[in-house]
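The values are calculated or read from the model by the stated rules, or taken from the named source; none is laboratory data. This structure is a prediction, so every number in the text was calculated from the model and none was measured. All Cβ positions, glycine included, derive from the backbone under ideal geometry; neighbour counts span all protein chains shown.
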There are 2 protein chains.
Amino acid sequence: MASTSASEFGINNIPYGIASSSTRTKPQCVTRIADDVIFLAELAAKGNFGETGVDLASIFLEPVLNSFAALPKAVQSKVRTTIQSAYEKKALGDSTENIQAVKLHLPLNVGDFTDFSASANHVQNAAEAILGTRSFPPAFHKYPPAYAGRCSSLFLSGTPVHRPYGQFIENYAAAEKNIIFGPSKGLDYELEIGAVIGKPLEAGTRLLTKDADQHMFGLLLVNDWSARDIQALEMKPLGPFNGKSFTTTLSPWIITLEALKAYETPAPPRMAPLAKFMDDPQAVNYNINLEVELVRGGVSSVICKVGFETMYWTFRHMLAHSTINGCPLRTGDLIAGGTVSGQRDEEHGCLLELTMNGRKPWKLSDGKELRYLEDGDVVRFTGMVGDKDSGIGFGECVGEVLPAKQF
Amino acid sequence: MASTSASEFGINNIPYGIASSSTRTKPQCVTRIADDVIFLAELAAKGNFGETGVDLASIFLEPVLNSFAALPKAVQSKVRTTIQSAYEKKALGDSTENIQAVKLHLPLNVGDFTDFSASANHVQNAAEAILGTRSFPPAFHKYPPAYAGRCSSLFLSGTPVHRPYGQFIENYAAAEKNIIFGPSKGLDYELEIGAVIGKPLEAGTRLLTKDADQHMFGLLLVNDWSARDIQALEMKPLGPFNGKSFTTTLSPWIITLEALKAYETPAPPRMAPLAKFMDDPQAVNYNINLEVELVRGGVSSVICKVGFETMYWTFRHMLAHSTINGCPLRTGDLIAGGTVSGQRDEEHGCLLELTMNGRKPWKLSDGKELRYLEDGDVVRFTGMVGDKDSGIGFGECVGEVLPAKQF
């Protein structure tokens, strides 16, 4: 049940999602304006999108957004303006339901999920928390580090997160570094934004950074839940695996690049010259104001406020880097940028950074100490561009931590 | 075009694949006996599998094996014996075509591809080639290391492999370790076996190692092509990414666990006690004799012969480990075991090991020096259990190296 405010979904937003209801039992493509969820296949069946020349009545009945995401940007743009105009003319008829009456579903069939580490602040903060020194990965000035994530454990916002079991070193300070098996003691969130691939890229195509926007359908919120103790033991030699693959949470609404156009902002200056295919004088970030709210024992604390424009590497860079070896992109692929972090404590996008891997407790609003996530904690991400009246919201990406499952 | 010999596909094999032909233009499910490719939907339409109570005529028309792989083992077993008996009674009618007349296709829709590093020999050989000392990853005695691979770049045997572009350090020996951009100079293969998931596993289900066979449909050959120079620069901190994601090659035939049952062999003894869920006194490997043939300039050299029974971690262990955190398995998921290697040079399953990262050339059969792969090289993997007359073959997994694409 989405509890985000209607004002985030003004007529300049037009996000896309998948919903069903008691009368529309088949999950299908929708958009949302204020608290109205609009079932797009019905709008299409009434001939609204005839000018596009595309059989949108069928495409919008599909249970994921992939086919719509793959359409040319010009078609998507026409759909957007048609929805806006139908809403303004009050011509939506009976194709809407209130947000409270619908059930939202995972909006995509994700064939590959790549998670980058694109924030210069995050990599330095994390290095400080783990190694004790602020440092960069060896090639960070040339390309953003990345790993492939797990697709079968992508879940929709609202899905609870069971504390994962795993094997880890309980006490790194002890002389004997025994590996134990049990529920993780270092459960963390990672505040991220993901980009969804629209137009695919064939194997072996050279994609220049400056052309990468053509392949992005839109953005959404991502929580890359991480078990730091399980992860720590697997980083050498192959990188994150079981420490991440238990759950990744996606927000239900995809915000299109067209809607975000007005909120583009230049990427930070480069630390070093780049390879030609990566060079992008027009590189843009988006001015997305992100927040992390933690609810523990009924008490809410905002534990992070950070802007997405702090990211060193842009999604354009990420797409160009991940395809320069010939790797194809498919519609629905998810490219997440990694933890968004600023330099100040209150801008840190995960607890590894905020609490220095649990060693330096953070004070919650009731004065209690936060180190890592406890059972019962609720973590809520929100994102917003522009101001409260005319801006655009991402909705929320939320999850409650449940105890490790008993077997 | 599969050039493997008919004798590998005797009546004890009954592998599954996907094929089309000039008369059967839609890719669909097939098996193979000797040189006959049997179109299974036609066999089903004639009522052959009626006893199973499953609509196999529809399932076998699908363009991937996923739905068939998901069926209960008892149904799959009945299908196997029915095919064998129809073949023996010469009751296949006109549902077959010669292997030379069909086109084979990628047999699976792979939702997630995980690549393990399950060979104790490989991890030590690789450590020696890179670090100069034979050593184990920190948790190797407790679980097999793994990373998530890329699904969009899984290709069928026979697909050529373009040398990938990337960013890497050209000369680690130089004082200035400059990162350059260009075609990889360290292109390698990795000789692997993959397991295909049949019955899915729901999120949060505890899977004991000893029960994991229930979820495996069968095995196939995998070439996890690797660009060692691109990979080397990305190992810290997040592990392999662009160095692997350009191409992974799969053999066309999936050999069922039922066919391999007679070739089970005990797993090697454990180096250390395991967590209870990983413990598996019945842990089995398979006696698969693997070979790597390299054809360079028209000259063939067999550059590796190694047995799969050398693997320290079994597929059972890999499945249990990768799901202990609650991660679900879906039908069609691919779990590869990583490079298969013995201790002796001629048992090394990749060039990183065989040539010590290109420093120690290997002599090909014409006396020429092999360091890493050159443009025009053809790499062919084969696998066989049992003897030449009654044994079972995996067919081949082959790829030719083409020059880096010009842009």
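Need the failing condition index for A:Thr82 against (1) part of a loop (DSSP other than H, G, I, E, B); (2) away from every other protein chain (no Cβ under 14 Å); (3) surrounded by 18 or more Cβ atoms within 10 Å (Cβ to Cβ), just the number.
(1)
Being more than 8 Å from chain A (Cβ to nearest Cβ) and either within 12 Å of B:Thr248 (Cα to Cα) or in a loop (DSSP other than H, G, I, E, B) (or both) is the filter here; which residues of region B:156-168 pass it?
B:Leu156, B:Ser157, B:Gly158, B:Thr159, B:Pro160, B:Val161, B:Arg163
So, B:Gln124, is that one more than 20 Å from the chain's Cα centre (by Cα), in contact (Cβ under 8 Å) with a residue 12 or more places away in the chain and more than 30 Å from A:Ser245 (Cα to Cα) or not?
no
Do we have any residue at all in region B:372-386 that's among the aliphatic types (A, V, I, L, M), within 14 Å of chain A (Cβ to nearest Cβ) and closer than 30 Å to B:Ala69 by Cβ?
no
Exactly one of these conditions fails for B:Ser85: (1) among the small types (Gly, Ala, Ser); (2) over 30 Å from B:Glu258 (Cβ atoms); (3) more than 19 Å from the chain's Cα centre (by Cα). Give me its number.
Of everything listed in (1) among the small types (Gly, Ala, Ser); (2) over 30 Å from B:Glu258 (Cβ atoms); (3) more than 19 Å from the chain's Cα centre (by Cα), B:Ser85 misses just condition (2).
So A:Lys210 fits all but one of (1) at pLDDT 95 or above; (2) closer than 30 Å to B:Lys405 by Cβ; what number is the exception?
Checking A:Lys210 against (1) at pLDDT 95 or above; (2) closer than 30 Å to B:Lys405 by Cβ, the one that fails is (1).
Among the residues in region B:113-121, are any in contact (Cβ under 8 Å) with a residue 24 or more places away in the chain, of a type in the set (A, V, I, L, M) and surrounded by 23 or more Cβ atoms within 10 Å (Cβ to Cβ)?
yes
Go through B:Gly186, B:Gly204, B:Gly182, B:Gly198 for me and flag whichever is farther than 30 Å from B:Pro361 by Cβ and surrounded by fewer than 24 Cβ atoms within 10 Å (Cβ to Cβ).
Of B:Gly186, B:Gly204, B:Gly182, B:Gly198, the one residue that is farther than 30 Å from B:Pro361 by Cβ and surrounded by fewer than 24 Cβ atoms within 10 Å (Cβ to Cβ) is B:Gly204.
Residue-by-condition table, conditions (1) over 23 Å from B:Asn12 (Cβ atoms); (2) without any contact (Cβ under 8 Å) to a residue 12 or more places away in the chain:
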| site | (1), (2) |
| --- | --- |
| B:Asp224 | yes, no |
| B:Ala227 | yes, no |
| B:Ile230 | yes, no |
| B:Leu233 | yes, no |
| B:Leu238 | yes, yes |
| B:Ser245 | yes, no |
| B:Ile255 | no, no |
| B:Ala259 | no, no |
| B:Thr265 | no, no |
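Restricting to region B:20-37, what's the tally of residues that are over 21 Å from B:Ala70 (Cβ atoms) and either in a strand (DSSP E or B) or under 28 Å from the mean Cα position of the chain (by Cα) (or both)?
So the answer is 10.
To keep it simple, each residue is scored yes or no on (1) within 30 Å of A:Lys177 (Cβ to Cβ); (2) hydrophobic (A, V, I, L, M, F, W, C).
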site: A:Ala232; (1), (2): yes, yes
site: A:Pro240; (1), (2): yes, no
site: A:Gly243; (1), (2): yes, no
site: A:Thr247; (1), (2): yes, no
site: A:Ile254; (1), (2): no, yes
site: A:Glu258; (1), (2): no, no
site: A:Lys261; (1), (2): no, no
site: A:Pro268; (1), (2): no, no
